[in-house]
Amino acid sequence: WPGKVNNHTTSTGQWEVDPDCTSGAELHDAEYCAKFYPDALYSVQLPVVSPGTKMFYSAGCTIPAPSGGYDEYACVVCVP
């Protein structure tokens, strides 16, 4: 979502805004995944299926913009 900070899921499955308050819609590759999941190899786009509303923010995390989101990606991790 251009102009908004990405959300990611925690290890407990809760959505939270990215703490850097700058990561945006253009980031959805393995480099982005590695910020939260160091063993991630790549990302794949998924249908937006997460119910409810996530709290997105404008760059700098200053203005809230609740939404369900437009795109979701899964980070694929290699499990030995």
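The values are calculated or read from the model by the stated rules, or taken from the named source; none is laboratory data. Source: prediction; values computed, not measured. Please note: Cβ atoms are built from the backbone with ideal geometry, for glycine as well, and neighbour counts cover all protein chains shown. Only protein heavy atoms, including side chains, enter the accessible area calculation; ligands, DNA and RNA are left aside. Shrake-Rupley method; radii C 1.70, N 1.55, O 1.52, S 1.80 Å.
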Distance histogram for the chain (every C-alpha pair counted, 5 angstrom bins, percent rounded to whole numbers): 3, 16, 26, 28, 18, 7, 2, 1, 0
List the chymotrypsin sites (Phe, Trp or Tyr not before Pro) in the chain that DSSP assigns to loop (not H, G, I, E or B) and whose Cβ has at most 11 other Cβ atoms within 10 Å. Which are they? Tyr70
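Identify the GluC sites (Glu not before Pro) of the chain meeting these criteria: DSSP loop state and at most 16 other C-beta atoms within 10 Å of the C-beta.
Glu26
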For the chain, which cysteines have no disulfide-compatible partner, meaning no other cysteine Cβ under 4.7 Å? Cys78
On the accessible surface of the chain, probed at 1.4 Å, how many percent belong to carbon and sulfur atoms? 60
If you take every DSSP beta bridge fully contained in the chain, what fraction is antiparallel? Give it as a percent rounded to 5. 100
In nm, the gap between the two label points placed 7 Å beyond Cα toward Cβ at Tyr70 and Val48 is 0.8
Signed unit charges on C-beta, dipole axis of the chain, positive-most listed residue Met55, Ser11, Ala34: Met55
